[in-house]
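The values are calculated or read from the model by the stated rules, or taken from the named source; none is laboratory data. Worth saying up front: this structure is predicted, and the values here are computed from it rather than measured. All Cβ positions, glycine included, derive from the backbone under ideal geometry; neighbour counts span all protein chains shown. For accessibility, only protein heavy atoms count, side chains too; no ligands or nucleic acids. Shrake-Rupley method; radii C 1.70, N 1.55, O 1.52, S 1.80 Å.
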Amino acid sequence: MRRVAIIGVGQTKFRTRRDDATHEELTFEGVSRALEDAALSISQIESFVYGTMDPFDGVNSPDKWCVGGAGAVGKPYIKISTGGTTGLTTGIAAYHQVASGAFDIAMAVCTQRVGVGDDAQSILNTCVCPIYERDAGAGAITVGAQQASRHMFKYGSTDYQRALVSVDAHKNALNNPYAHIQVDVTPEDVMNSRMIEWPLRLLECCPRSDGACAVIFASEEQAKKLCPKPAWVWGEASIIDSYWWGERPDLADWDILSLAGRRLFKMAGIENPIKEIDVAELYAPFTSQTLLELEALGFCGKGESGPQIEKGVFKMDGEMAVNPSGGVLCTNPIGATGLVRLVEACLQVTGKAEKRQVPDAEVALAHAWGGTMQLHALMIVGKHKR
Amino acid sequence: MAEKKEEFIKVKANWNIPYTHSAGKCASHFFQEMKEKKRIFGIRCPKCQRVMLPPRSFCERCFVETTDWVPVKDEGVVDSVSINYMEYTGMPKPPYAIAFIKLDGSDSRLMHFVGGVDLSDWKKAKELVKIGTRVKAVWKEEREGRMTDIMYFKPISAK
């Protein structure tokens, strides 16, 4: 496999609805920003990988609608759909196209309009098995809520610790002009907000967002020619667990993420994750998931995430900044969200994150999950070549 | 020239398509047992010996067919729980508690409702439906061969 760099990223402002634009127009906006960032023309993109989670937009395969907005007519085009993981799986697929030598410049592009549907949870309920499980009324929030109840039971994590996750995310989002929800909240605000699905409250759950983003991958040779300050891809991993969530060994531990994390760190040459990684953009639409993900990826020991969060270890000025973008808790265009994590990771290691820049950030991790606690995708990017 | 700000038009659409899913041989047998005899069956993998619930016709870990039906009690223990207070289109009326329940004799957990207790106030409900709570199936009188033939699992201590 060849060394690969990311030479341009772009994203739209995310909000509940973008009534000023159609699906393909949003795509055009995201792609145009990535081209602008890379100082490339659309003709220089050789191949496209497009990601979306189908039913949210109310259109069967919006990838077909979007092709013009992606600038892909007449070019190779592959669609990816892996639930919440979609965005980052799309990034990994575009990375593979360049790493393999199949193409020198490939673009990952994702658009999602969660806000056009009246009810995201009803759509998410169709993800579970219609024979055995759908009648039980589970939505995506159920995933986060079950993990929360189990983590509280097994490790003693608290409502307050989860509230701090929300507080930190909202503070970070205030510095990100692309973030959807931009309000300052206190732990009390979180702990007094409306109960959605016990133990999760309103301010522990993500919004429904509309928007698009794009990432341009290039071979080392092209990157040297085209980009003075690329983000270098150090490694990636993706994994899928069983569809059957009742077969997970313990819902308090995200074992399949641990396994993917070990593969990722091996590929990226990371021996001590929290020491060597400066920024982690974790896909956590629910506060509880930040706890599980920090532990699964070895950023702290099992059951230690809550106390470490209380100590401020994962704040902007902590040992490792978690979600400087404000994270998924403040912005969730579901099928694009994983790629937004990678966009932020790249901005951080190339020093372009403006008001939310983590000083001297050199190594950043992007993560996404999807399905019934089922899929994960991970990528590490660095300021320098590995 | 000052332009008049135009209103953005919205186009309404609907996507409501009925489907008829195939339950297959394995789930059909499982549902028949529920419907006719109020019995719950898991299925054992001949290789790793685990009893899967809900049952499937093959073990995905060993990649072999499963044929050995094993009766499982309609009683078990709540392993994780959440209690929903929001109403979503086409989904059950809140409040409802969703739990992963380990039934006696099964090696995996079944997702189902826990009910038969007052869930209206989450502060009280979370004390009634806890991890570790023993629950027992409450069956419908008129059964159709579907997961909802069990209305919910009720905490055994509850009156």
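What to note about this one:
- Peptide-level mean, for B:8-15, of C-beta atoms on other protein chains within 10 Å: 3
- The long axis of helix B:24-37 is offset from the longest Cα principal axis of chain B by roughly 70 degrees.
- With the simple spin-label model, which puts each label point 7 Å out from Cα in the Cβ direction, the B:S120 to A:I42 separation comes to 5.9 nm.
- Whole-percent carbon and sulfur share, accessible surface of the stretch B:28-159, 1.4 Å: 51
- The P(r) of the stretch B:24-155 has a tail past 27 Å containing 24 percent of all C-alpha pairs.
- Cα pair distances of the stretch A:217-309 binned at 10 Å [whole percent]: 14, 39, 29, 13, 5, 0
- Proximal aspartates and glutamates relative to B:K93, as straight alpha-carbon distance under 16 Å, when same-chain residues fewer than 8 apart are discounted: A:D119, A:D135, A:E197, B:D118, B:D121
- Interface of B with A. Using a 1.4 Å probe and counting protein heavy atoms only, the two chains hide about 3800 Å² of accessible surface, both sides summed.
- The stretch A:288-336, accessible area per residue, ligands and nucleic acids excluded (1.4 Å, Å²): 25
- Residues with amide H under 5 Å from that of A:Y77, placed H, sequence gap 5 or more: A:F48
- Which of B:P54, B:I131, B:N84, positive extreme of dipole for the stretch B:24-155 (C-beta unit charges): B:I131
- Charging the Cβ of each Asp and Glu at -1 and of each Lys and Arg at +1, and nothing else, the dipole of the stretch B:24-155 about its Cα centre rounds to 220 debye.
- Of B:K35/B:K73; A:K266/A:K383; B:K35/B:K130; A:K355/A:K383; B:K37/B:K130; A:K266/A:K311, those spanning more than 27 Å from alpha-carbon to alpha-carbon: B:K35/B:K130; B:K37/B:K130; A:K266/A:K311
- Of the three principal axes defined by the Cα atoms of the stretch A:287-368, the extents in descending order read 33, 30, 19 Å.
- Summing Cβ point charges (Lys, Arg +1; Asp, Glu -1) relative to the Cα centre of the protein assembly as shown gives a dipole of roughly 860 debye.
- Fraction of antiparallel bridges per DSSP, the protein assembly as shown only, in percent to nearest 5: 80
- Shielding by partners, peptide A:12-20 (average Cβ within 10 angstrom, other chains): 1
- Cα-only Debye scattering, the stretch A:54-143: base-10 log of I(q)/I(0) at q = 0.25 Å⁻¹: -1.29
- Number of partner chain Cβ atoms within 10 Å, mean per residue of B:56-66: 1
- Relative contact order, whole percent, for chain B stands at 19, derived from Cα pairs under 8 Å and 6 or more residues apart.
- Of A:K75/B:K12; B:K102/B:K136; A:K13/A:K171; B:K25/B:K154, pairs whose Cα-Cα distance is over 23 Å: A:K75/B:K12; B:K25/B:K154
- Total formal charge among the other residues, if their Cβ is under 13 angstrom from that of B:K73, Lys/Arg +1 and Asp/Glu -1: +2
- Annotation: per residue accessible area for the stretch B:24-155 equals 47 Å², rounded to a whole number [probe 1.4 Å, protein chains only].
- The aspartates and glutamates whose alpha-carbon is closer than 18 Å to the alpha-carbon of A:K154, local same-chain residues fewer than 8 away aside, are A:E247, A:D250, A:D253, A:D255, A:E293, A:E295, A:E304, B:D79, B:E127.
- Cα convex hull of the protein assembly as shown - mean projected area over all directions, nm²: 26.7
- Three-way shape label, the stretch A:325-386, alpha-carbon gyration tensor, a/c 1.5: oblate
- Relative contact order, whole percent, for chain A stands at 26, derived from Cα pairs under 8 Å and 6 or more residues apart.
- Considering the stretch A:1-90 at the alpha-carbon level, its Rg and Dmax are found to be 13.4, 43 Å.
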